[in-house]
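Down below is the structure, laid out as C-alpha cells.
We did not get these values from a lab; they are worked out from the coordinates using the rules stated. As the structure is a prediction and not an experimental result, all values here were calculated from the model. Cβ sites come from the backbone with ideal geometry, for glycine too, and all protein chains shown count toward neighbours.
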Amino acid sequence: MRMIFIVANPSAGRGRAARIIRELHSGPSDLHVAGILTTQSPGDEARLAAEALAHGATTIVVIGGDGTFSKVAQEILDSASSCALAVVPVGTGNDIAKTLGVYRHTAADVLQLASSGKPSRMDVGLADGRYFVNTCGFGFDSSVLEATQNVRFLKGDALYIYSALAQLYSYRGVTVTIEGANGRKTQTMLMAVASIGRSLGGAFRIAPNASALDGKLDFCVVGDSNVWERVRLFAGALRGTHVTLPGVTSLKAARLSLTFESNPTMEMDGELRRALSRTVTLECVPKALVVVAAPGFPL
C-alpha cells in the first residue's frame with residue numbers, strides 16, 4: 001500500500017493553495033493520505049520532505065509551484081530515496097506540471113494518480129551542487145525573474161510576460177565563455193538557459209525540443225542584440241520558434257560549463273541564487289527522479 005504525504009505551501013497561488021488544503025482536511029479520506037505538512041517559512045520544504053521520508057512516505061504530493069516542487073525534489077535526491085513526487089500546480093509558471101502532464105489537473109486528479117497510477121522516472125539537471133527539475137538560466141532569464149518580485153498586480157503567465165517586456169529594452173548583455181564537447185567559445189550573450197522541460201515562466205516555450213527522458217540538457221544560448229531583434233526573440237519564444245532566429249544557438253549536451261566575469265546570478269526552477277564561483281558546470285543526471293505523471297508523460 002502506498003504511503004502518501006502532502007507537502008503544501010499555503011501561500012502559493014495567492015490563497016488558492018490554502019483553500020485546497022482546507023478542502024483536503026474536511027474532505028473524504030478514501031485516498032489514504034498519511035499526513036498533510038504545510039510550510040510556515042522559506043526553507044521548510046526540505047525539512048518537511050525529510051519528515052515525510054522518515055515516516056515512510058512512498059509518494060510526496062506537492063501543493064505549490066515549481067520552487068516548492070524543486071526543493072522537495074532536492075531532498076529526495078539528496079537522500080537517494082525512491083519516493084515518487086507529484087504536484088498539484090498552484091504556482092506562477094507551473095512549468096513542471098506541464099512536463100508531467102498535470103497542468104490542468106485538480107488536487108483530486110493528482111491524488112488519484114498518486115494512489116493508483118504507475119510512477120515513472122525523469123532526468124534532472126545538476127548545477128553548482130544543486131539539482132533542478134526544469135530550468136537553470138543566466139542573464140536575461142534571471143533578471144526577468146528578479147523583476148517579477150516587484151510586481152504585485154499580476155499573476156501567472158501575465159506576470160512573466162509583463163516583466164520580460166519591461167526588461168527587454170534595458171537589460172545589458174553579459175560576457176560568457178562556453179566550454180563543452182564541441183570546444184570553447186567566448187561571446188556576449190543576452191541569456192543562456194539549460195532545460196529539462198520545454199517551458200519557462202509558464203508562457204515561454206524556451207526549449208521546444210527538450211525531453212525529460214533523453215539523458216541530455218537542452219541549451220538555448222542567445223547572443224546579445226538590438227531592441228528590434230530582442231522583440232522578435234520575445235515573440236518567437238512565446239511560440240517556440242525563436243530557436244530558428246539568427247544569434248540563437250540551440251543544442252543538446254550531457255554537460256556544459258559557463259564561465260562569467262564574476263559569480264553570476266542564476267535562476268533555478270523559478271528561484272534566484274548566486275553561483276558559488278565564476279564557472280558553473282551544468283550536467284544531466286538521467287532518470288534520477290521518480291515522478292507521478294499523467295499517462296504518456298513525462299515527454
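A few remarks follow.
- Panel values: segment 183-253, Kirkwood radius from alpha carbon pairs, Stokes-Einstein at 20 °C and 1.002 mPa s, translational diffusion coefficient 173 µm²/s.
- Folded to 0 to 90 degrees: helix 16-26 orientation relative to the chain principal axis, Cα: 10 degrees
- For GLU179, net neighbour charge (Lys/Arg +1, Asp/Glu -1) across residues whose Cβ lies under 10 Å away: +3
- Net charge contributed by nearby residues that have their C-beta within less than 15 Å of VAL290 (K/R +1, D/E -1): +1
- Averaging the sequence gap over all C-alpha pairs within less than 8 Å and six or more residues apart, then dividing by the number of residues, gives the chain a relative contact order of 21 percent.
- Averaging over all projection directions, the Cα-based convex hull of segment 47-201 occupies 11.1 nm² in the image plane.
- Taking every lysine pair in the chain that is 8 or more places apart or spans two chains, those with Cα atoms closer than 17 Å amount to 5.
- Other residues with beta-carbon under 10 Å from the beta-carbon of ALA97 carry, at +1 per Lys or Arg and -1 per Asp or Glu, a net charge of 0.
- Scaled radius of gyration (Cα, divided by 2.2 N^0.38 Å) that the chain gives: 0.98
- Scaling the Cα radius of gyration of segment 69-145 by the globular reference 2.2 N^0.38 Å produces a ratio of 1.20.
- Taking segment 4-117 and dividing mean pair separation by its residue count, relative contact order in percent (alpha carbons under 8 Å, at least six apart): 29 percent
- DSSP bridge pairs, the chain: antiparallel proportion in percent, nearest 5: 75 percent
- Dimensions (Å) - segment 239-299, Cα atoms, principal axes, largest first: 45, 32, 22
- Packing here is the average count of other Cβ atoms within 10 Å per residue, and on that basis the peptides 119-129, 62-72, highest first, run 62-72, 119-129.
- Taking label points 7 Å from Cα along the Cα-to-Cβ direction, TYR162 and ASN226 give a separation of 3.1 nm.
- Length, then width, then depth: along the principal axes, the Cα atoms of segment 132-286 run 43, 33, 31 Å.
- Residues within the reach of a label modelled at ALA181 (point 7 angstrom out along Cα to beta-carbon, backbone nitrogen below 12 Å), restricted to segment 268-298, are 284.
- Extension gain from ARG255 to ASN209, taking 0.36 nm per residue of separation minus the Cα-Cα distance: 14.8 nm
- Percentage of interatomic Cα-Cα distances in segment 4-117 larger than 24 Å: 14 percent
- Once the C-beta distance of MET1 and GLU283 is scaled by a Förster radius of 30 Å, the resulting FRET efficiency is 0.25 to the nearest 0.05.
- Using alpha-carbon coordinates, inclination of helix 66-78 to the longest axis of the chain, degrees: 80 degrees
- Close amide-amide hydrogen proximity is noted between VAL285 and VAL124, GLY125, LEU126, each under 5 Å apart and 5 or more residues distant or on a separate chain (H modeled in the peptide plane; Pro and chain starts excluded).
- Computed from the C-alpha gyration tensor, the three semi-axes of the ellipsoid equivalent to segment 50-94 are 19, 10, 7 Å, from longest to shortest.
- Segment 21-91 and segment 218-259 have Cα centres spaced 34 Å apart.
- For the chain, calculated [θ]222 nm from helices alone, where every DSSP H run of n ≥ 4 adds -39500 (n - 2.57): -8500 deg cm²/dmol
- Degrees between helix 156-168 axis and first principal axis of the chain (Cα, 0 to 90, nearest 10): 20 degrees
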